[in-house]
Amino acid sequence: MLLFTPGPTPVPEAVRMAMAGPTIHHRTPEFEAIFKEARARLMRLFGMDECVMLASSGTGAMEACVTNLCFKKALTVNAGKFGERFGKIVEAFGLDHVELKYAWDTPASVEDVQAALMDDPDIDALCIQVCESAGGLRHPVEKIAAAAKAINPDIMIIADGITAVGVEPIDTTNIDALIAGSQKALMLPPGMAMIGFSDAAVKRVGEGRGYYFNLASEIKKQRQNTTAYTAPTTLVIGLNKMLGMIEEKGEDIFYLQTRARALATRAALEAIGCQLFPRTPALSMSAVYDEEANAVRDILKSEFDVNIAGGQDHLKGKLFRINQMGLIGVHESAWVVNAVEWAYDKLDRRAYDGTASRIFNEVYYANMGQSV
């Protein structure tokens with residue numbers, strides 16, 4: 001079965017083998033050496049001044065950033081389940097809260113953010129997704145962050161990059177906390193979150209807040225190549241292996257291949273009549289609006305051994321989402337769009353003629369600078 005959900009993603013065999021070795025105690029020189037190497041590689045991937053790894057899902061990292069970086073009032077952007085989640089975290093801790101809400105296919109507006117910040121100088125943190133995976137939407141985070149910093153240089157920009165880190169280069173010039181998750185582009189099992197920080201964010205953290213998610217405790221310990229509490233040792237070992245594989249391939253090539261797969265998948269789906277959902281699609285996934293989404297997913301799973309994701313809430317049964325993150329074989333992506341075309345044939349939507357495979361290959365190799 002090909003796993004093409006936008007998280008969890010499949011774990012490469014080399015990473016599985018690295019994690020299959022004997023368990024290492026987390027308070028030993030052997031593990032500290034692996035942790036040090038993984039941390040250095042992760043810092044390079046983030047392109048930021050500091051980073052931590054947490055034994056937590058991405059939601060834990062979201063909570064840690066809110067509680068440690070927002071002291072007065074948060075501005076949250078809600079264009080899907082995860083933007084909504086930022087708002088719920090803020091409310092759970094009794095912080096004041098301003099929300100900008102959008103349809104799930106609509107990116108946040110720079111002008112809306114500027115207006116909200118000009119209207120309320122108490123806002124000291126902005127929480128936004130780079131990619132809102134509920135609808136496969138890419139927000140213009142870099143432009144929004146720059147505009148926010150121009151109004152208030154001290155505002156903390158908290159960016160959920162869980163379905164963006166490792167997918168494309170992210171300009172972190174104006175980002176203070178960038179969140180990643182193990183089960184996305186980094187192709188590990190769920191259970192570990194990572195955060196990159198600016199120097200300004202580290203200063204804002206100060207002595208930290210909370211207990212388990214006190215970022216000051218983690219920053220202090222992780223600078224010593226250990227963790228404040230029990231480390232997810234197996235996941236750290238897997239992360240180190242995966243980041244090593246990305247470096248061996250070359251980060252530029254890794255991003256180029258992801259982009260080429262994404263554009264080829266998108267073009268192939270549109271060529272067979274699929275309606276892409278978001279106005280500004282992310283490279284991490286293709287989200288297709290389809291009233292027969294469940295039927296398409298069932299056919300892919302039962303007849304073509306392909307598992308893709310559906311929609312949530314009001315889009316349940318009306319959306320299917322295909323992953324494009326990670327080290328994915330181009331032949332596997334080509335098989336998936338070919339399977340979608342066959343599903344449309346079986347649903348009497350269009351006669352199968354191989355269009356999806358042909359367009360996928362043409363667009364992919366054109367974007368890789370090669371001819372078919």
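The values are calculated or read from the model by the stated rules, or taken from the named source; none is laboratory data. Treat the numbers as computed from the prediction; the structure is a model and nothing was measured. Quick reminder, even Gly has a Cβ in these numbers, built from the backbone with ideal geometry, and neighbours come from all protein chains shown. Protein only, heavy atoms only, side chains kept; ligands, DNA and RNA dropped before computing areas. Shrake-Rupley method; radii C 1.70, N 1.55, O 1.52, S 1.80 Å.
Observations, loosely collected:
- In the stretch 20-45, the residue that is nearest to A164 (Cα to Cα) out of those that are under 22 Å from the mean Cα position of the chain (by Cα) and either aliphatic (A, V, I, L, M) or at pLDDT below 95 (or both) is L45.
- Exactly one residue out of L117, L100, L54, L95 is over 15 Å from the mean Cα position of the chain (by Cα), at pLDDT 95 or above and surrounded by 24 or more Cβ atoms within 10 Å (Cβ to Cβ): that is L54.
- Filter result for the condition that a residue is of a type in the set (G, A, S), modelled with pLDDT of 95 or more, more than 13 Å from A55 (Cα to Cα) and not in a helix (DSSP H, G or I), over G244, G238, G210, G191: G210
- Among the residues of the stretch 308-318, those that are within 19 Å of the chain's Cα centre (by Cα) and buried (at least 16 other Cβ atoms within 10 Å of the Cβ) comprise I308, A309, G310, G311.
- Residue within the stretch 234-253 that is over 30 Å from R27 (Cα atoms), in contact (Cβ under 8 Å) with a residue 24 or more places away in the chain and either open to solvent by 30 Å² or more (accessible area, probe 1.4 Å) or not polar (S, T, N, Q) (or both) present: yes
- I195 being touching a strand residue (DSSP E or B) at 6+ places or on another chain (Cβ under 9 Å), of a type in the set (V, I, T) and either on the phi > 0 side of the Ramachandran plot or open to solvent by 10 Å² or more (accessible area, probe 1.4 Å) (or both): no
- Selection status of T76, among the hydroxyl-bearing types (S, T, Y), farther than 24 Å from E218 by Cα and open to solvent by less than 10 Å² (accessible area, probe 1.4 Å): yes
- Matching residues, the stretch 263-274, being surrounded by 20 or more Cβ atoms within 10 Å (Cβ to Cβ) and in a helix (DSSP H, G or I): A264, T265, R266, A268, L269
- Residues satisfying the stated conditions in the stretch 207-225, i.e. of a type outside the set (F, W, Y) and open to solvent by 50 Å² or more (accessible area, probe 1.4 Å): E207, R209, G210, K220, K221, R223, Q224
- Sole residue being free of Cβ contacts under 8 Å to residues at least 24 places away in the same chain, part of a helix (DSSP H, G or I) and open to solvent by 10 Å² or more (accessible area, probe 1.4 Å), chosen from A228, A200, A150: A150
- Test: A260 is open to solvent by 10 Å² or more (accessible area, probe 1.4 Å) and in contact (Cβ under 8 Å) with a residue 60 or more places away in the chain: no
- Residue match in the stretch 311-334 (condition: aliphatic (A, V, I, L, M), touching a Phe, Trp or Tyr at 6+ places or on another chain (Cβ under 6 Å) and assigned to a loop (DSSP other than H, G, I, E, B)): no
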